[in-house]
Amino acid sequence: INPQIKIFWLTIAIAGGFYYIYYSATIQFIDKLTGLLNQRSYYAYLENNADTDFILIICDVNNFKSINDKYGHICGDQILSEIGRLLKEEYDRYGKCYRIGGDEFAIIIPNINENLQTIKMSFNKALNKRREEVNQIPSVAIGYSVYRASYKNLRDIHSVQEEADINMYKEKYEMKIN
């Protein structure tokens, strides 16, 4: 009836369609439990950034199965959510944080010159502080490796993942001994 009203509603419908497409595309890459990027997003980053240097950090929650067994899966989910929040608070300003498995997390830091020990100490400090309030929060083993695009013919992304995993398991073993 009124051309201005038709254009107004058409504009709203188009904008709503774009918003829905954006929301649908974004939600596919977010882990619902932790709010971090998910495994799908992690592998997409690795696949699309083979020409970029970065630090890969792999984190694993220690003794997580015993938390689920002793306190239940709801508590386990809360613990994972809390650890995800702490990881995001401490590492997000340096790179992207991902939940890549049940109790496994990854962080990709594009600046290979970052001081990882300082960042790790800050995370452990935040974790210990939170543990004072919620004593079920376990320790987190962390391992890392550096990917250099200029060496990709000698060392691919999978070997970098493997090295970060091995370093994480070394720390997990050292934590168990101590």
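Basic side chains Lys and Arg get +1 at the Cβ, acidic Asp and Glu get -1 at the Cβ, and with that the dipole of the stretch 46-151 about its Cα centre reaches some 260 debye. Considering only DSSP beta bridges where both residues belong to the chain, give the percentage that are antiparallel (nearest 5). So the antiparallel bridges in the chain amount to around 95 percent. For the pair the stretch 153-178 / the stretch 105-147, the C-alpha centres are spaced 15 Å from each other. Site pair residue 111 and residue 133 shows an inter-label distance of 2.8 nm when each label is modelled 7 Å from Cα along Cα→Cβ. Against the criterion of solvent-accessible heavy-atom surface with a 1.4 angstrom probe, 162, 114 sort, most first, into 162, 114. The residues of the stretch 1-107 expose, per residue, 61 Å² of accessible area to a 1.4 Å probe.
Extension gain for the segment residue 146 to residue 92, taken as residue separation times 0.36 nm less the Cα-Cα distance, is 17.7 nm to one decimal. The alpha-carbon atoms of the chain, seen along their principal axes, cover 78, 47, 26 angstrom, with the largest extent given first. Among 29, 54, 64, 18, the sequence by solvent-accessible area, most first, with a 1.4 Å probe is 18, 29, 64, 54. Rounded to the nearest 10 degrees, the inclination of helix 157-177 to the longest alpha-carbon principal axis of the chain is 50 degrees. Accessible surface of residue 57, taken over heavy atoms with a 1.4 Å probe and every protein chain present, rounds to 0 Å².
Measure nothing fancy, just the Cα-based angle from helix 3-27's long axis to the longest principal axis of the chain, in degrees from 0 to 90, nearest 10. Result, in degrees: 20.
Protection proxy ranking, highest mean first, for peptides 80-86, 65-71: 80-86, 65-71, where packing is the per-residue count of other beta-carbon atoms within 10 Å, averaged. Within the P(r) computed for the stretch 116-159, what percentage of the Cα pairs occupies the region above 18 Å? Summing the P(r) tail past 18 Å for the stretch 116-159 gives 50 percent.
The values are calculated or read from the model by the stated rules, or taken from the named source; none is laboratory data. Being a predicted model, the structure only gives us computed values, none of them experimental. Glycine also receives a Cβ, built like all others from the backbone with ideal geometry; neighbour counts cover every protein chain displayed. Areas reflect the complete protein model, heavy atoms only, side chains present, ligands, DNA and RNA absent. Shrake-Rupley method; radii C 1.70, N 1.55, O 1.52, S 1.80 Å.
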